[in-house]
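Read through the structure below, which is laid out as structure tokens, and then see the notes.
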Amino acid sequence: MYEGYEYVSKYGILRKDDYRPYSRRQQNCDVDNRWLKKHAALDNIGYREHDRRTNDDLRIMLQNQTIGASIRTTGMMSSYNSGIMTESFLHCSNTGNEVNHGIVIVGYGTRDGDRVYGQNTCEDYFIIRNSWGSHWGEKGFFKLCADGLGS
């Protein structure tokens with residue numbers, strides 16, 4: 001994700017409508033100043049890496065801002081449409097694997113009848129914004145179980 005932050009620091013952020021629609025294939029970013037319409041130029045966005053945050057730390061941080069995070073995506077995520085996914089289902093934070101996907105943690109909640117994928121129970125979850133378009137998941141979002149991630 002560092003490369004993404006460095007890119008934004010150098011080129012700024014485009015308006016949502018100026019981005020190409022998501023496709024399921026790797027593409028290069030077009031850096032052509034003739035079409036690049038910066039919505040915000042961020043010379044110093046002040047990003048910092050924070051490893052091993054507890055759930056309580058994340059909930060406190062979410063009171064003031066969203067949180068950019070990295071996970072390891074697997075094929076299990078592609079078929080998601082609703083419910084709460086667990087680490088035992090996704091295997092998205094195995095320390096032996098390199099992360100390969102950026103997400104944004106936007107909120108949190110408590111289970112209210114949602115289906116749980118993986119472990120049998122899950123009471124608390126984080127609400128995650130994904131970049132795969134509004135047709136995927138719950139209008140582009142998913143729920144990730146927060147139980148057992150350290151409170």
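The values are calculated or read from the model by the stated rules, or taken from the named source; none is laboratory data. Here the structure is a predicted model, which is why all the values come from computation and not from measurement. Here the Cβ is made from the backbone with ideal geometry for all residues, glycine too, and neighbour counts use every protein chain on show.
Among the candidates 64, 81, single out the residue that is under 25 Å from residue 4 (Cα atoms) and assigned to a loop (DSSP other than H, G, I, E, B).
Values: 81 fails: under 25 Å from residue 4 (Cα atoms).
Within the list 64, 81, the selection yields 64.
The single condition among (1) in contact with a His (Cβ under 9 Å, 6 or more places away or on another chain); (2) modelled with pLDDT of 85 or more; (3) part of a helix (DSSP H, G or I); (4) under 29 Å from residue 23 (Cα atoms) that residue 57 does not satisfy is (4).
I need the full set of residues from region 100-128 which are within 14 Å of the chain's Cα centre (by Cα) and farther than 18 Å from residue 58 by Cα, in order please. First the steps, then the outcome.
As a first pass, look at region 100-128 and keep what is within 14 Å of the chain's Cα centre (by Cα): 100-108, 125-128.
Correct list: 100, 101.
Residues in region 1-14 that are loosely packed, with under 11 Cβ neighbours inside 10 Å and modelled with pLDDT of 70 or more: 3 alone.
Those residues that are among the hydrophobic types (A, V, I, L, M, F, W, C), within 15 Å of the chain's Cα centre (by Cα), more than 10 Å from residue 125 (Cα to Cα) and crowded, with 16+ Cβ neighbours inside 10 Å, I need them from region 83-99; list them, please.
If we filter region 83-99 for residues that are among the hydrophobic types (A, V, I, L, M, F, W, C), which is where we start, we get 84-85, 89-90, 92, 99.
If we keep only those that are within 15 Å of the chain's Cα centre (by Cα) as well, we get 84-85, 90, 92, 99.
From what is left, the residues that are more than 10 Å from residue 125 (Cα to Cα) are 90, 92, 99.
Selection gives 90, 92.
Scanning for something surrounded by 15 or more Cβ atoms within 10 Å (Cβ to Cβ), assigned to a loop (DSSP other than H, G, I, E, B) and not assigned by TED's automatic domain parsing to the domain that holds residue 26, does region 100-108 turn up at least one residue? Looking through region 100-108, none of the residues is surrounded by 15 or more Cβ atoms within 10 Å (Cβ to Cβ), assigned to a loop (DSSP other than H, G, I, E, B) and not assigned by TED's automatic domain parsing to the domain that holds residue 26.
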